[in-house]
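Down below is the structure, laid out as structure tokens.
The values are calculated or read from the model by the stated rules, or taken from the named source; none is laboratory data. Predicted, not measured: the structure shown is a model, and the values here were computed from it. No Cβ is skipped: glycine too gets one built from the backbone with ideal geometry, and neighbour counts run over all protein chains shown. The protein model used for the area step is the full one, side chains on, heavy atoms only, and it has no ligands, DNA or RNA in it. Shrake-Rupley method; radii C 1.70, N 1.55, O 1.52, S 1.80 Å.
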Amino acid sequence: MSTGPAFDVKEQIKRAVDIVDLVGESVPLRREGRAYKGLCPWHDDSRPSLHVNPERQTFRCFVCNIGGDIFTFVEKRENVTFREALVILAERAGVPLALGRPGGASAEESDERRKLFQAAAWAEQQFHDCLLKAAEAEPARRYLRARGISDESILRYHLGFAPNEWDWLLKRARAASISPATLEKIGLLRPRPQGPARCRPWRRHGRRRADGRPRAAGARR
Ligand SMILES: [Zn+2]
């Protein structure tokens, strides 16, 4: 049995992150006996086939034959490598990872990543609030209603609306002390060779990451 540092970190993270909470953030789960069940996100499921075992801290879909622990779940759900899943879950669990190893990030890089994730989360919230409340988003709300997209789905998938004003996000970013350079790095601001920078229109259709954070466009290297 391995007792090296990687093993310890993995075990620490496993102790800190409950698989029912983790899976439950992206898949609504219902308790049935000792297990939790939900609709499998990897196939067109109606039964529900995704089973989560809180005692063994495992999940499995018997139709897709996919299963494993919290790390496997994040790998599959976010389509990332084991190493990336480890980083995501370590951050969530507050377990420090040894730095400087191949594939690992330096403390500076981690700070930068955190800053980008926070900015992406902030921007997502701006677009989401805009879709929910702003007068200029009324045509978008009508459009979604006409397409049969319920308010519940707007909330659940955190859909957003970007008004057709190039500096809409930029003005808000200034007020929130988020620099144009940060917006550029997460792909929300496009530098122009001449003239002022332009905000890129943005509509979110994706789900949140397994750790509850939005995906930061362009933040992944
Ligand atoms: Zn499945």
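Structure values in brief
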{"item": "From the options LEU97, LEU50, LEU86, residue that is surrounded by 15 or more Cβ atoms within 10 Å (Cβ to Cβ), over 19 Å from the mean Cα position of the chain (by Cα) and more than 16 Å from the ligand (Cβ to nearest atom)", "result": "LEU97"}
{"item": "The one condition in (1) touching a residue at least 24 places away in the same chain (Cβ under 8 Å); (2) within 12 Å of the ligand (Cβ to nearest atom) that ASP44 fails to fulfil", "result": "(1)"}
{"item": "Qualifying residue in region 188-198 (condition: part of a helix (DSSP H, G or I) and either modelled with pLDDT under 90 or surrounded by fewer than 16 Cβ atoms within 10 Å (Cβ to Cβ) (or both))", "result": "no"}
{"item": "Members of region 59-81 found to be open to solvent by less than 40 Å² (accessible area, probe 1.4 Å) and either more than 9 Å from the ligand (Cβ to nearest atom) or closer than 13 Å to ASP18 by Cα (or both), listed by number", "result": "PHE59, GLY67, GLY68, ASP69, ILE70, PHE71, THR72, PHE73, VAL74, ARG77, GLU78, VAL80"}
{"item": "Residue count for region 16-27, restricted to those that are part of a loop (DSSP other than H, G, I, E, B) and modelled with pLDDT under 95", "result": "1"}
{"item": "Count - residues of region 159-174 that are in a loop (DSSP other than H, G, I, E, B), within 25 Å of the chain's Cα centre (by Cα) and surrounded by fewer than 19 Cβ atoms within 10 Å (Cβ to Cβ)", "result": "1"}
